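Structure first, commentary second.
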Amino acid sequence: METYFNMSNKVAVVILNWNGISLLEKFLPVVVSNTTNATIYVVDNCSTDCSQVYLENNFPSVKVISHNKNYGFAEGYNKALFQLDEDIFVLLNSDVEVTPNWLNPLIQFMDKHENVACCQPKVKDYYQKTHFEYAGAAGGFIDKYGYPFCQGRIFDNLEEDKGQYNIPREIFWASGACMVIRSGVYKELQGLDNTFFAHMEEIDLCWRIINRGYQIYYCPDSTIYHMGGGTLNKVKPQKTYLNFRNSLVMLLKNLHTKEIFWITFSRLVLDGIAGIKFFMEGKPMHSIAIIRAHFYCYFNLPRILNQRQKKTSKKLLSISTILNKSIIYQYFILKRRRFTDLKIPNSTTTSS
């Protein structure tokens, strides 16, 4: 395993945009005024709303990378980031309000801990700034069946930030709303999976990072506010389809060989229950979306399995940031709605 650190660092803050001129007008001035010692890029996914004209007229210091079509989140970032030579990439959503000095604690943490390949700040809700936000909160985890949750957010339950997560800790995945990653690691792992298009791609990348022996951390000394919901409305069947499809693909790609059968079979059962629940709630299109997600995996199984890393994957339950229980059971049956109720041990020790 190679190490990637040398914090004379060149840092690239990279914002992906698609027809998001209103978000650029709202949030980019704050990013520019609160970001020092970094080059800011906007990657435009072939917008038709005059985003590029706005950037040229108002932010000459911001570098623009233009795509010839909308490549989505994953491929849109990949096509841009593989052109850049900075030491650290910061993937920042266009609907994020950064705070003064938001970037320095993240870069300093990476500087101090050479085996930390990726980290994230505290992600709070733009509309309710006392609370954590859905997409990352205080760092991401998954349970033994691959269902994601966060410090400060389990399913749709968002905790108020009372300082309960103000200690850095190792996590399983960092939020795509603001992901700080060493460029060498990003390129070594071939970046985000283009086939995901959107949703779950950052968790897949983080899992591959962990399988290579690196660590991922949450850094509470940095805070951002995320608006959320900018890509797909959470009630749309297409988001249900992408979440279930990409979650299954992620499992098939990253699970240890000995775990693939029993975990994916368990997911088939649990996803089937979710489909029935959607149907009973009068949402048949979401049930169909889950069926579509499974058939995508069945028909593309050889290609998906071919994406598995050549190096041996770690067993899921051997990873310290895995909940060795069902988060569904913990939340819906035992009514454990807060992360602290799960009693996952915290280790704040990093290799350095």
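Coordinate-derived values only; no laboratory data. Predicted model only: the values in this text are computed from it and were never measured. Note that we place each Cβ from the backbone using ideal geometry, even for glycine, and neighbour counts take in every protein chain shown.
Structure notes:
- Residue ranges of helices (runs of 4 or more DSSP H) in the stretch 159-264 with at least 3 members among the hydroxyl-bearing types (Ser, Thr, Tyr): 237-254
- Phe299 over 29 Å from Thr257 (Cα atoms) and of a type in the set (Phe, Trp, Tyr): no
- Matching residues in the stretch 157-188 - criterion: being within 28 Å of Ala74 (Cβ to Cβ) and without any contact (Cβ under 8 Å) to a residue 40 or more places away in the chain: Leu158
- Lone unmet requirement of (1) touching a residue at least 60 places away in the same chain (Cβ under 8 Å); (2) in contact with a Leu (Cβ under 8 Å, 6 or more places away or on another chain); (3) of a type in the set (Gly, Ala, Ser) for Ala137: (1)
- Residue count for the stretch 28-76, restricted to those that are touching a strand residue (DSSP E or B) at 6+ places or on another chain (Cβ under 6 Å), part of a helix (DSSP H, G or I) and under 15 Å from Ala198 (Cβ atoms): 1
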